[in-house]
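**Q** Sharing a structure, written as structure tokens. Questions coming.
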Amino acid sequence: MTFTPGADPVPFSHVKIRVSAVLFCGDDVALIRRERADSVHNTTIGGNVEDGEPLPEALRRELAEELALDVDQAEGGELLWVLDQRVSRPGPTPPPRKLHLVYRFHVTADVREALARQEFDELPDGSHEVGTIAWVNYRSMGGLPLFPPVGAALAALDSPRADVADASLEAVTDENYTWI
């Protein structure tokens, strides 16, 4: 594909990678919960990989930034799921195609107690949106507004340490996902 200056970029022609963690403490999973005027939005702990950043370092950075967690305090770290996102979104820029790499970790109650209780996401104007760290029983996540949408897969696990037969989850598209 050739880029023509001034031409409209093609949606999904740019690929971004997002790493995230499903962080268990017993049967509970840490989520970032953002309450907005017209919706409630939950996300797994994580974010975009920076240019040239190794995946393990990106995951380590995101867990430290959002939870104040040193991954050496956690057990696990195996790749659990991969999601391919091709979803249109509000705004003037074309949406990227995003690959979500979801890893699984476990922490003890003592480690959980020391983790951050809020997460501050910097907005383009320099202000911050505050998210609350919510611990939710994984079995109740099937209908939760969660991004990436791994709630049904989480709820289907037999246990927090259950093996997963297929790491590839259904692609996230405009047909099966709507921004909230």
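The values are calculated or read from the model by the stated rules, or taken from the named source; none is laboratory data. Please read these numbers as outputs of a predicted model, since none were measured by experiment. Glycine also receives a Cβ, built like all others from the backbone with ideal geometry; neighbour counts cover every protein chain displayed. Heads up: the accessible areas ignore ligands, DNA and RNA and are worked out on the full protein's heavy atoms, side chains in. Shrake-Rupley method; radii C 1.70, N 1.55, O 1.52, S 1.80 Å.
**Q** Give 162, 155 a once-over and let me know the one that is in contact with a helix residue (DSSP H, G or I) (Cβ under 7 Å, 6 or more places away or on another chain), at pLDDT 95 or above and of a type in the set (Gly, Ala, Ser).
**A** Answer to the check: 155.
**Q** Please enumerate the residues belonging to the range 131-160 that are without any contact (Cβ under 8 Å) to a residue 60 or more places away in the chain, open to solvent by 60 Å² or more (accessible area, probe 1.4 Å) and not small (Gly, Ala, Ser).
**A** 158 - this is the single residue of the range 131-160 that is without any contact (Cβ under 8 Å) to a residue 60 or more places away in the chain, open to solvent by 60 Å² or more (accessible area, probe 1.4 Å) and not small (Gly, Ala, Ser).
**Q** Quick one: in the range 99-114, which of the residues that are of a type outside the set (A, V, I, L, M) and touching a strand residue (DSSP E or B) at 6+ places or on another chain (Cβ under 6 Å) is nearest to residue 43 (Cα to Cα)?
**A** Only one residue fits best here, namely 100.
**Q** Now a separate question. In this structure, is residue 64 small (Gly, Ala, Ser) and surrounded by fewer than 20 Cβ atoms within 10 Å (Cβ to Cβ)?
**A** Yes.
**Q** All but one of (1) open to solvent by less than 80 Å² (accessible area, probe 1.4 Å); (2) within 13 Å of residue 133 (Cα to Cα) hold for residue 117, so report the exception by its number.
**A** Going through the list (1) open to solvent by less than 80 Å² (accessible area, probe 1.4 Å); (2) within 13 Å of residue 133 (Cα to Cα), residue 117 breaks only (1).
**Q** If you go through the range 68-87 one residue at a time, do you hit one that is open to solvent by 30 Å² or more (accessible area, probe 1.4 Å) and at positive phi?
**A** Yes, the range 68-87 has at least one match.
**Q** Among the residues of the range 161-180, write down those that are touching a residue at least 24 places away in the same chain (Cβ under 8 Å) and of a type in the set (Ser, Thr, Tyr).
**A** Hits for the range 161-180 are 168, 173, 177.
**Q** Among the residues of the range 68-126, which ones are touching a residue at least 24 places away in the same chain (Cβ under 8 Å), farther than 30 Å from residue 174 by Cα and part of a loop (DSSP other than H, G, I, E, B)?
**A** 68, 69, 74, 107, 108, 115, 116
Condition check ((1) within 21 Å of residue 75 (Cα to Cα); (2) under 16 Å from the mean Cα position of the chain (by Cα)) across all residues:
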{"residue": "134", "(1), (2)": "yes, yes"}
{"residue": "138", "(1), (2)": "yes, yes"}
{"residue": "145", "(1), (2)": "no, yes"}
{"residue": "150", "(1), (2)": "yes, yes"}
{"residue": "157", "(1), (2)": "yes, no"}
{"residue": "163", "(1), (2)": "yes, no"}
{"residue": "166", "(1), (2)": "no, no"}
{"residue": "172", "(1), (2)": "no, yes"}
{"residue": "175", "(1), (2)": "no, no"}
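**Q** If you go through the range 111-132 one residue at a time, do you hit one that is at pLDDT 90 or above and more than 21 Å from residue 62 (Cβ to Cβ)?
**A** No, every residue in the range 111-132 fails to be at pLDDT 90 or above and more than 21 Å from residue 62 (Cβ to Cβ).
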